Amino acid sequence: MSEGEFISCRNTQCRAVVEGRLKNWVEAQDVHDFGAHIIGELVRAKLATEPSDLYKLRFEDVAKLEHMGEISAKKILANLRAKLPLSLPLFLASSASNTSRC
């Protein structure tokens, strides 16, 4: 393969694709403290597969994740919800499809 080429997974339920989709969303929204580890834990716990799932998260569920406590759970959920309501341009930019390596 030449530089810049890679194989992409077309399985929309693939864990790497799901995590990439969520990571793309929170990065485009510029949500602080919502890193790859937290996203991975949410996906492993089957709490999120789509960006819309992030807004349905309950404090109790997030606080139970590995390396997460009450203060951290409150902080990341507050940071996520602080970006609401979404402007149309930001929503569209955040929704842009991405490809993830798997």
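The values are calculated or read from the model by the stated rules, or taken from the named source; none is laboratory data. Treat the numbers as computed from the prediction; the structure is a model and nothing was measured. Neighbour counts run over all protein chains shown; Cβ positions are idealised from the backbone, glycine included.
Computed values, structure above
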quantity: Residue within the stretch 42-50 that is polar (S, T, N, Q) and crowded, with 17+ Cβ neighbours inside 10 Å present; calculated: yes
quantity: Test for Lys83: is it surrounded by fewer than 18 Cβ atoms within 10 Å (Cβ to Cβ), charged (D, E, K, R), at pLDDT 95 or above and not in a helix (DSSP H, G or I); calculated: no
quantity: Any hit, the stretch 57-79, residues being at pLDDT 90 or above, hydroxyl-bearing (Ser, Thr, Tyr) and not in a loop (DSSP other than H, G, I, E, B); calculated: yes
quantity: Candidate set: the stretch 71-80, residues that are farther than 14 Å from Gln29 by Cβ and touching a Phe, Trp or Tyr at 6+ places or on another chain (Cβ under 8 Å); chosen: the one surrounded by the most Cβ atoms within 10 Å (Cβ to Cβ); calculated: Ala73
quantity: Only listed residue being in a loop (DSSP other than H, G, I, E, B) and modelled with pLDDT of 90 or more, chosen from Val31, Val43, Val18, Val26; calculated: Val31
quantity: So Leu92, is it exposed (fewer than 13 other Cβ atoms within 10 Å of the Cβ) and assigned to a helix (DSSP H, G or I); calculated: yes
quantity: Of residues in the stretch 46-56 being in a loop (DSSP other than H, G, I, E, B) and among the aliphatic types (A, V, I, L, M), the one nearest to Arg21 (Cα to Cα); calculated: Ala48
